[in-house]
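A quick write-up on the structure given underneath.
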Amino acid sequence: MEARMSEKLAIPNLGNYTIALDSAVRAMGIEPWSSTETSAYAMELGLRAAPDSLCLPFKAHLGHFIEADNAGCGHALMVNSVGSCRLTYYRGLIEKILKEMGRKIHVWGLGFDGIKPPVIRYFDPDMISFVKAILLAVEKIKVIDTLEIAAWKTRPLEMNRGDTSHLLKRSLRELAETNVKKEVRKLHSEFAKAFQNIPQDTSQKPLRIGLVGEVSVLRDKTLNHHIEECLGHLGAEVRNFFLLGAELGNIFGISVGGTKTHTRKYLAKTAKPWLNHPVGGHALDSVAHTLLCAEKGFDAMVHLAPAGCMPEVSVRPILSAISKEKNIPVLELSFDEHTSALGTLTRVEAFMDILKTRRRKGLV
Amino acid sequence: MADSKKQVFTIGIPRAFYYYTHPGLWEAFFQNLGFKTLLSEKSGEKILRNAVPHTESEHCLAHKLFDGHLLSLLGKADAVFIPRLLSLTKKHICCAKFAALPEAAQCGIARGTPVITVDIDENKEPLLKTLIRLGKNLGKPARLAKNAAENAIQTMHEEWKKQQAAMTAEKPFLLLGHPYTLHDAFIGEPVKQKLKRMGHAFETPVFTHEKLPESVTRWCTFGRMHRLITEMPLEKYAGAIQISTFNCGPDSVMLEFYRAVCRSRGIPYLVLMIDEHTGNAGMETRLEAFADSIQWKRV
């Protein structure tokens, strides 16, 4: 048992939420290994080892685990799913590929198979520290959600470009280093104030843009080429529709922070006239949020998907029809290993130009 | 969706996806109900060429062909039939893309044309009940709907029997793929033609909807294929040829597992990726090389 605790455990890449999972693992007495975005090196490793026709998140995950294996991790965690998308088989396939490469790392599924997934049984932390770790992670998720939302709001208004991103980065680092629940709570209120102190031009009325689509490209800044920052610096207030607090709220029906707004049932009801059945992944959410945003007067949506993503690509014709009928522009972005940051930026810039003209001419 | 109470005279059925997963069923069912059916032409370059400007560029080839078939029916039929395939076999599911098929078509390609749809989910209700429900929704008396459904399912089973009976060749290649790729005139047919010209026999599996034991996958077609390659007697077959279409999501995952099975069992395994730019020379060369290498192995 002592030996087990000294083994290193690689954390899946969940964007900034990695910080919360990381500290939960640490609190259980296991040494975590993680990064908040896929490194260029990991990407390269993943591309070399993965079958060609799989989607970008698969390649990123695989590369991440190979990098972890290089770093001496004996174990890795991966988010499982039981949906209809091919993600269901990703853990098995990654395990198979790693084995064929002669890698020793073991990939555990962090799935929805009971309160105690097999990985917990293996490491077997004592109950008290396990519960404490979960509570700490939940507390951190709340803080991260607050930070993200604050950053989306202030970025288009900041007087000195980069202030927001800088503060966000610093706050996240500070959060990562704080491992006592009480102090995390204290940080929470401090951070909120810090964002208000950024010099802002409040006379502006930024364009409001919703980001919907597949989770990995929504959250991993390497995969989406920092799209939140791009849009923010071009003067758009972004709302990314994957907030982990809200997501946990949707799944478990509990309230994590102030973000529990849309239950699965509610989203299904909203989407119904346009899509009568979930497609897998977050495709139904994309449709529902686009409809909700059109109602709330958002200026536009950006739909992100890895190239060839089964669920998200399937609903594109639906989004395009909604776009026409509800008069809300939807930009479709596809990401694979050949997508360049500059190409994405150019498309986003052109889109923003159109939106600004649209507003100026009073077409909205 | 379509106003199901309205009297619809001609129902268009695209010769794609569910036309092949339920052979003969839909035509028989709608005709028994007293409707006229209109089947799109066989797949070909024309169908694909017409589809390309309208279809989603990241769809798999089979989906692009489906969109082409759908396009060719518009204006000729009073309504088109697009069911939502969720599950064909208990405890199994279909490709995720089928779940959005009716709405995506209604919003995109088939805009302005009534769409007749029904959820086919063996996990919730058997096919017979689904068909009766569909018949009633189309304004037909329950009695007629029941007869039509039973009769149509009978037709489908006979169709399967015919497919089964056609497999008598000696030392054939086993062709693997989806029902809608293996029997498609654009995807599977050129491969079959080439094999015939080379003088090789081949077998295509019959994808019935009967129960399947649990396996590595929850996708029903893939479960059947997996069972075939894990159980097929080695001495009976020359090898397995997998016909895959470009950008097929489930294929991209499952073929890796099949490859492992074939390697461990010593089954010669060839994956042919068919895309929309197919000039047949590449496919033919690979088939020839595969057949040659198997022959050398035997010598």
What pairs come up if the first residue lies in segment B:270-299 and is in contact (Cβ under 8 Å) with a residue 24 or more places away in the chain, the second is of a type in the set (K, R) and in a helix (DSSP H, G or I), and their beta carbons are under 8 Å apart, counting only those six or more places apart or on different chains? B:L270/B:R286; B:V271/B:R259; B:L272/B:R286; B:E276/B:K64; B:N280/B:K194; B:M283/B:K194; B:E284/B:K194; B:L287/B:K194
Does segment A:322-364 hold any residues that are touching a strand residue (DSSP E or B) at 6+ places or on another chain (Cβ under 8 Å), over 30 Å from A:E44 (Cβ atoms) and among the β-branched types (V, I, T), and which are they? A:I322, A:I328, A:V330
Output for Cβ contacts, cut-off 7 Å, separation at least six or different chains, first residue in a helix (DSSP H, G or I) in segment A:36-50, second of a type in the set (S, T, Y), reads A:M43/A:T222
Would you say A:S323 is over 15 Å from A:L218 (Cα atoms), part of a helix (DSSP H, G or I), within 12 Å of another protein chain (Cβ to nearest Cβ) and of a type outside the set (A, V, I, L, M, F, W, C)? yes
Residues that are more than 8 Å from chain A (Cβ to nearest Cβ) and among the hydroxyl-bearing types (S, T, Y), drawn from segment B:226-259: B:T230, B:Y237, B:S244, B:T245, B:Y258
So the check is Cβ under 8 Å with 6+ separation or different chains; which pairs have a first residue in segment B:97-109 that's farther than 16 Å from B:F17 by Cα and of a type outside the set (A, V, I, L, M, F, W, C) and a second one that's modelled with pLDDT under 95 and crowded, with 24+ Cβ neighbours inside 10 Å? none
If I ask for residues that are within 20 Å of A:G245 (Cβ to Cβ) and of a type in the set (S, T, Y), which ones from segment A:165-202 would you list? A:S171, A:T178, A:S189
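Okay, residues lined up against (1) surrounded by 24 or more Cβ atoms within 10 Å (Cβ to Cβ); (2) within 14 Å of chain A (Cβ to nearest Cβ); (3) out of contact with any helix residue (DSSP H, G or I) (no Cβ under 7 Å at 6 or more places or on another chain):
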{"site": "B:L74", "(1), (2), (3)": "no, no, yes"}
{"site": "B:D78", "(1), (2), (3)": "no, no, yes"}
{"site": "B:F98", "(1), (2), (3)": "yes, yes, yes"}
{"site": "B:P102", "(1), (2), (3)": "yes, yes, yes"}
{"site": "B:G112", "(1), (2), (3)": "no, yes, yes"}
{"site": "B:D119", "(1), (2), (3)": "no, yes, yes"}
{"site": "B:N123", "(1), (2), (3)": "no, yes, yes"}
{"site": "B:L127", "(1), (2), (3)": "no, no, no"}
{"site": "B:G135", "(1), (2), (3)": "yes, no, no"}
Could you count how many residues in segment B:207-238 are outside any helix (DSSP H, G or I), closer than 30 Å to A:S81 by Cα and touching a residue at least 40 places away in the same chain (Cβ under 8 Å)? 11
Quick check on A:L267: is it over 25 Å from B:V253 (Cβ atoms), within 14 Å of chain B (Cβ to nearest Cβ), part of a helix (DSSP H, G or I) and of a type outside the set (S, T, N, Q)? no
Within segment A:278-316, considering residues that are away from chain B (no Cβ under 13 Å) and part of a loop (DSSP other than H, G, I, E, B), the one surrounded by the fewest Cβ atoms within 10 Å (Cβ to Cβ): A:G297
Residues of segment B:30-69 classified as β-branched (V, I, T), assigned to a loop (DSSP other than H, G, I, E, B) and closer than 13 Å to B:T10 by Cα, total: 0
Conditions (1) without any contact (Cβ under 8 Å) to a residue 40 or more places away in the chain; (2) more than 14 Å from chain A (Cβ to nearest Cβ); (3) more than 24 Å from B:T285 (Cα to Cα): number failed by B:F202: (3)
I'd like to check something: does segment B:254-264 contain any residue that is assigned by TED's automatic domain parsing to the domain that holds B:L176, more than 24 Å from B:Q193 (Cα to Cα) and part of a loop (DSSP other than H, G, I, E, B)? no
Of (1) in contact (Cβ under 8 Å) with a residue 40 or more places away in the chain; (2) within 14 Å of chain B (Cβ to nearest Cβ); (3) aliphatic (A, V, I, L, M), A:L136 fails just (2)
If I filter segment B:260-275 down to residues being within 22 Å of the chain's Cα centre (by Cα) and within 14 Å of another protein chain (Cβ to nearest Cβ), which single residue comes out as nearest to A:L54 (Cα to Cα)? B:M273
Within segment B:234-262, residues aliphatic (A, V, I, L, M), within 22 Å of B:M167 (Cβ to Cβ) and surrounded by fewer than 18 Cβ atoms within 10 Å (Cβ to Cβ) come out as B:L234, B:V261
Restricting attention to segment A:31-44, and to residues there that are at pLDDT 90 or above and of a type outside the set (S, T, N, Q), which single residue is nearest to A:E7 (Cα to Cα)? A:E31
What number of residues in segment B:80-96 are in a loop (DSSP other than H, G, I, E, B) and within 14 Å of chain A (Cβ to nearest Cβ)? 7
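The values are calculated or read from the model by the stated rules, or taken from the named source; none is laboratory data. Not measured: the values here are computed from a predicted model. No Cβ is skipped: glycine too gets one built from the backbone with ideal geometry, and neighbour counts run over all protein chains shown.
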